[in-house]
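Report on the following structure.
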Amino acid sequence: MAKDIQLLTLDLDNTLWDVDKIIIRAEKEMRQWLADAAPQSLDHYNQENLPSFRQQVVDRFPDKVHDLSFMRIEVLTLVMEAAGYEAQRSRDLADAAFDVFFQGRNRVEFFPGAVESLTELSARYTIIALTNGNADIERAGLSDWLSGAISSADVGKSKPSAEMFHAPLSQFGINAGQAIHIGDNPIDDVQGARNVGMHTVWVNLEGSSEPGDNAISPADETVLHKEVSHLNQLSTAIAEIAAG
């Protein structure tokens, strides 16, 4: 029986691009900027001190732990203060350093097949990003295909929490059976979406078998699930779910 699919929700990091590679490059670019603009900060921006700074921010702003941009700026501010800069200068330097990082964070390199699949699917469906990360869809070059984005910072929760998946359903006024979630993480993406009744596509580019079929096995036979090993298979997987 055909499904009335009204919406595709799409994870970004490690679904459309290799986020670790991007973050490493963005961090390198930010450190180069710090070396010129705030060299004293590099004595404190290191693996020895960063966990303490992060914990201080978590303790001070527990309601912001899902907002990665906010957290990074606050950590950078503490780094600057520890380096001896006065309060306003610390804030200004932190904002500027984050801007450098964020430019690099949004300079993405799509996995093979991503652009082609997004072009094809966006001609048929409304697509929005549903992400625990802080990528900006306009800066990342996704605005031609996506109609919007919902992040963990917007919701105040992270996938696999039900609140993340209910957010787009509420926004578009549809039920879970009218939506398909696409993502790489079998727990955060697939299990989280299935728990609220959304159909799912697991983007398993690495051929992983962990955490195993039990994590994504159908709890409800009316909730359909597909797996792809290459992004050029997305359109077929979505069509098969839509066909029921």
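The values are calculated or read from the model by the stated rules, or taken from the named source; none is laboratory data. Computed from a predicted structure; not experimentally measured. Quick reminder, even Gly has a Cβ in these numbers, built from the backbone with ideal geometry, and neighbours come from all protein chains shown.
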Test for Val190: is it outside any loop (DSSP other than H, G, I, E, B), in contact with a Ser or Thr (Cβ under 8 Å, 6 or more places away or on another chain) and under 22 Å from Ser117 (Cβ atoms) = yes
Mind checking which residues of region 104-125 are assigned to a helix (DSSP H, G or I) and under 13 Å from Leu10 (Cβ atoms)?
-> Ala114, Ser117, Leu118, Leu121, Ser122
Could we say that Leu130 is at pLDDT 95 or above, within 16 Å of Trp17 (Cβ to Cβ) and touching a Phe, Trp or Tyr at 6+ places or on another chain (Cβ under 7 Å) here?
-> no
Give region 23-54 a look and list any residue that's surrounded by fewer than 14 Cβ atoms within 10 Å (Cβ to Cβ), under 26 Å from the mean Cα position of the chain (by Cα) and not in a helix (DSSP H, G or I), or say none.
-> Asn46, Gln47
